[in-house]
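In what follows, a single structure is set out as structure tokens and then discussed.
What follows is calculated from the coordinates using simple rules that are stated; it is not laboratory data. This is a predicted model, so every value here is computed, not measured. Cβ coordinates were reconstructed from backbone atoms using ideal geometry, including for glycine residues, and neighbour counts include every protein chain displayed.
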Amino acid sequence: MLEVSVAGLENATLIEVSGRVDSMTANQLGEALSNPIDDGHVNIVLDLSGVDYMSSAGLREIIAALKKVKRVAGDLRIAQPSSRVMEVFEMAGIDTLVRIFASRVEAVESY
Amino acid sequence: MFYQNSLQIRAIVENIEKAHDFVYEFVRECGFSENIAHRCALSVDEVCSNVIEHGYQKNGHDKVIDVMCAADETHIMITIIDDAHPFNPLDNPSPDPLASLEDRPVGGWGIEIVRQYMDKVSYRYSNNRNQLILEKYHP
């Protein structure tokens, strides 16, 4: 199971996810990213500081959410990925598609 | 020293973590680093996910996946075996990490993670079973 918390801030919606993102749990990540976009909150910050394991199932949800949010002129920005998660992001070129920040505050204030 | 161990799981997504943990513990017990154990275990996660989703088409309640591990001080070999239709996942070309968002499919990274994290990956179809062999050498 993933722990997901969502906070509506002035400029952005902050989604904090903790746990292991794999084939079992990736759909939870997908829903957490998709729901705010469906509700019209299209400036998203995904805080991944609590995730130290992400398989390709997680990459798939992030790419799908990015496609979705870009279609409505929003953005998905990522804060504090662990080194293991960052390694997978770099392999898949996620870092060329998404702005990645070292802190949550920086990510939120970037909007 | 030579080490070996094997695990059989029912081919459902709930069991992938068992295969992951089994491989992680095996690699650590053989004296390899956490990083190598992580890379081997994530690769096994990806292969099992692929078998369950594509090979058994998410209908593997009565099917199994065998994970066989062997190692000595310098070399780990993990063989993942399934009974789905013959399919070599290595036939798929590597996805492009520099593709634009518009041009890229959402998926396709699982086997690429395996290719990148392991030193050698090979496929054979033997005894009516798919066998994907992952190898990692001590750096």
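Of the lysine pairs in segment B:3-137, how many meet both conditions: Cα atoms under 21 Å apart, and a spacing of 8 or more in sequence or different chains? Kindly include the intermediate steps, with their values, before the conclusion.
Details: B:K18/B:K58; B:K18/B:K63; B:K18/B:K136; B:K120/B:K136.
Taking segment B:3-137 as the scope, the lysine pair count is 4.
Treat the count of other C-beta atoms within 10 Å as a stand-in for reagent exposure and order B:K136, A:K67, B:K120 from fewest to most.
B:K120, A:K67, B:K136
How much length would be gained if the chain were fully extended between B:N35 and B:R129, taking 0.36 nm per residue of separation minus their Cα-Cα distance, in nm to one decimal?
30.8 nm is the gain from fully extending B:N35 to B:R129.
Would you mind checking segment A:58-91 for residues with the amide N under 20 Å from a putative spin-label position 7 Å along Cα→C-beta of A:R99?
A:62-82, A:86, A:89-90
Using +1 at the C-beta of Lys and Arg and -1 at the C-beta of Asp and Glu, which of B:G108, B:P89, B:M118 has the Cα lying farthest in the positive direction of the dipole of segment B:81-139?
B:M118
So how strong a dipole does the protein assembly as shown carry about its Cα centre when Lys and Arg Cβ are +1 and Asp and Glu Cβ are -1, to the nearest 20 debye?
About 460 debye.
Please say if chain A is rounded, prolate or oblate, where rounded means a/c under 1.5 for a ≥ b ≥ c the square roots of the C-alpha gyration tensor eigenvalues, and otherwise the choice is prolate for a/b larger than b/c and oblate otherwise? Can you show the working numbers first?
Numbers: a/c = 1.36, a/b = 1.26, b/c = 1.08.
In terms of gyration-tensor shape, rounded.
Kindly provide the GluC sites (Glu not before Pro) of segment B:76-139 that DSSP labels as loop, not H, G, I, E or B, and whose Cβ sees at most 16 other Cβ atoms within 10 Å.
Those that pass, being in a loop and sparsely packed, are B:E102.
Quick check: net charge around B:E17, other residues with Cβ under 15 Å of its Cβ, Lys/Arg +1 and Asp/Glu -1? Before the final figure, lay out the partial values.
On the way: positive: A:R20, B:R10, B:K18; negative: A:D22, A:D52, B:E14, B:D21, B:E25, B:D45, B:E46.
Counting the neighbours of B:E17, the net charge comes to -4.
For chain B, what does -39500 (n - 2.57) per DSSP helix run (n ≥ 4), summed and divided by total residues, give at 222 nm, in deg cm²/dmol to the nearest 500? Mind showing how you got there, number by number?
Working: 3 runs with 39 residues, N = 139.
Taken over chain B, the calculation gives -9000 deg cm²/dmol.
May I ask you to list the GluC sites (Glu not before Pro) in segment A:38-111 that are in a DSSP loop and have at most 12 other Cβ atoms within 10 Å of their Cβ?
For GluC sites (Glu not before Pro) across segment A:38-111 that sit outside H, G, I, E and B with at most 12 neighbouring Cβ atoms in 10 Å, the list is empty.
Please work out the Cα center distance from segment B:99-139 to segment A:16-77, rounded to the nearest Å.
Distance between centres, Cα-based: 24 Å.
Using only DSSP helix segments of four residues or longer, with each worth -39500 (n - 2.57), what per-residue ellipticity at 222 nm results for chain A after dividing by its residue count and rounding to 500?
Computed mean residue ellipticity for chain A: -12500 deg cm²/dmol.
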